[in-house]
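Have a look at the structure below before the remarks.
The values are calculated or read from the model by the stated rules, or taken from the named source; none is laboratory data. Note that the structure is predicted; figures quoted are calculated from it, not measured. So basically every Cβ, Gly included, is an ideal-geometry build from the backbone, and we count neighbours across all protein chains shown.
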Amino acid sequence: MPDLFSIRRKMGMSVSIQIKGIDTLIQKLGKVEGTKHLRQPMERSVTRILHRMREYPAERPGSNYIRGYGFKWSKKRTSENLSKRWSGRVTSLNGGIQGKVGNNASYAPLVQSYQFQARIHRGLWQTDRYVVDTEYRTIVRDFENAISEALR
């Protein structure tokens with residue numbers, strides 16, 4: 001079964017969470033029926049990660065950047081509205097299920113990717129890895145509870 005949860009970005013970076021107990025669920029209930037029990041925790045996980053990734057830090061005092069517009073001196077609007085560009089979906093994949101969260105703003109990796117974050121944003125903007133690490137236990141617990149309940 002492929003990764004159950006991943007955050008993907010335009011630059012191909014990915015953070016994934018593997019959930020234990022799925023093999024047992026699939027063996028007992030079959031792939032189709034077993035996967036049905038994973039959809040709700042997957043949807044909650046995607047929503048949880050989306051909500052967290054959309055959070056902006058406080059604006060930096062004296063910044064020349066205006067959120068939703070771009071740089072003060074620019075005559076043209078250049079903001080791609082990072083927060084609004086976050087999206088998520090849950091899809092069936094080869095009889096399994098996959099949750100994806102991503103952002104297609106061109107500068108998203110430079111702002112919120114652990115791997116590509118620009119130095120100026122470090123310590124100010126949370127990264128994909130930080131959010132997944134922070135939510136990891138809650139996500140895993142939610143899946144484990146759904147699997148346990150399905151196996152009763």
Legend entry - Search result, residues across region 17-34 that are free of Cβ contacts under 8 Å to residues at least 40 places away in the same chain and either more than 13 Å from Ile97 (Cβ to Cβ) or touching a His at 6+ places or on another chain (Cβ under 8 Å) (or both): Gln18, Asp23, Gln27, Gly30
Legend entry - Odd one out for Lys72 among (1) over 14 Å from the mean Cα position of the chain (by Cα); (2) modelled with pLDDT of 95 or more: (2)
Legend entry - Residue that is nearest to the chain's Cα centre (by Cα) [pool: residues in region 80-111 that are farther than 26 Å from Val32 by Cα and part of a loop (DSSP other than H, G, I, E, B)]: Asn104
Inset, instruction - Mind counting the residues in region 112-122 that are of a type outside the set (A, V, I, L, M) and in a helix (DSSP H, G or I)? - result: 3
Legend entry - Residue selected from region 123-147 under the condition free of Cβ contacts under 8 Å to residues at least 24 places away in the same chain and in a helix (DSSP H, G or I), by the criterion surrounded by the fewest Cβ atoms within 10 Å (Cβ to Cβ): Arg137
